[in-house]
């Protein structure tokens, strides 16, 4: 993984704005994601909104030659699902929409789960507990804590609810580049790994499986699915380490208290 860059107060001001704009993209989507729409429609709405309304750049498009503005991961898709004009949402689906946005040279990265129509109680629980697992990781962030503390908090919460943590994919440093150091694993041991310092910025984005942790990559070279075909869920925020704890740079309005 690349070098860890500590962000200045000016850098964080710009990252905060990128995060605010990205949160507004999800607010834009909230009333639009429903049964009957295609995942390519979601992509096209978001790309148009980011470029034409926010005057920003969809940072995922072209990154590693990825052709779209976002990822749409439905049901047993763990991450990196590719939008498709022939893939339509239906009642009972759970979908993760993962979006990046660059403004003024700094990138924000976040994802949110949507439940389409009436979903099963087991799916609801997975979505809710994955969200809480992310927050358990976020709450572990403060100067002097370690990356192992974050991973341990997430892993413990997932295991306590009978779930497994995907190990092949992780969070990452972020700033002027989408992927900077450090790697942020969603499992680990307390008091191990890199010590957190004020000015670090990274994503926390646990992928939690209903069944086994094992995954496989589909032939398109992007889409990752669970091997046992059971459900997977993911939530993501971009985080800054502050002098006393953390700041969620991509916090959405419904998460503010």
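The values are calculated or read from the model by the stated rules, or taken from the named source; none is laboratory data. Just so we're clear, the structure is a prediction, and the values are computed from it rather than from any experiment. Glycine gets a Cβ as well: all are built from the backbone with ideal geometry, and neighbour counts include every protein chain shown.
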The condition of being at pLDDT below 95, closer than 30 Å to residue 196 by Cβ and exposed (fewer than 13 other Cβ atoms within 10 Å of the Cβ) holds, among 10, 65, 2, only for 2
Residues (assigned to a strand (DSSP E or B) and surrounded by fewer than 18 Cβ atoms within 10 Å (Cβ to Cβ)) located in the stretch 192-205: 195
Any chance the stretch 237-253 includes a residue that's closer than 23 Å to residue 29 by Cβ, out of contact with any strand residue (DSSP E or B) (no Cβ under 9 Å at 6 or more places or on another chain) and in contact (Cβ under 8 Å) with a residue 24 or more places away in the chain? yes
When residues of the stretch 75-93 are filtered for being in a strand (DSSP E or B) and surrounded by fewer than 23 Cβ atoms within 10 Å (Cβ to Cβ), how many remain? 2
Residue 24: under 17 Å from the mean Cα position of the chain (by Cα), surrounded by fewer than 19 Cβ atoms within 10 Å (Cβ to Cβ) and either modelled with pLDDT of 95 or more or not in a helix (DSSP H, G or I) (or both), yes or no? yes
Of all residues in the stretch 40-70, how many are touching a helix residue (DSSP H, G or I) at 6+ places or on another chain (Cβ under 8 Å), assigned to a helix (DSSP H, G or I) and closer than 22 Å to residue 221 by Cα? 1
More than 28 Å from residue 165 (Cβ to Cβ), touching a helix residue (DSSP H, G or I) at 6+ places or on another chain (Cβ under 8 Å) and modelled with pLDDT of 95 or more - does that describe any residue in the stretch 76-83? no
In the stretch 94-130, residues that are surrounded by 14 or more Cβ atoms within 10 Å (Cβ to Cβ) and without any contact (Cβ under 8 Å) to a residue 40 or more places away in the chain total 4
Lone qualifier among 172, 186 - being within 30 Å of residue 18 (Cβ to Cβ) and either in contact with a helix residue (DSSP H, G or I) (Cβ under 7 Å, 6 or more places away or on another chain) or assigned to a helix (DSSP H, G or I) (or both): 186
Quick check on the stretch 211-249: of everything there that is assigned to a loop (DSSP other than H, G, I, E, B) and in contact with a helix residue (DSSP H, G or I) (Cβ under 7 Å, 6 or more places away or on another chain), which residue is farthest from residue 160 (Cα to Cα)? 249
Pick out the one residue from 208, 150 that is assigned to a strand (DSSP E or B), touching a helix residue (DSSP H, G or I) at 6+ places or on another chain (Cβ under 8 Å) and surrounded by 20 or more Cβ atoms within 10 Å (Cβ to Cβ). 208
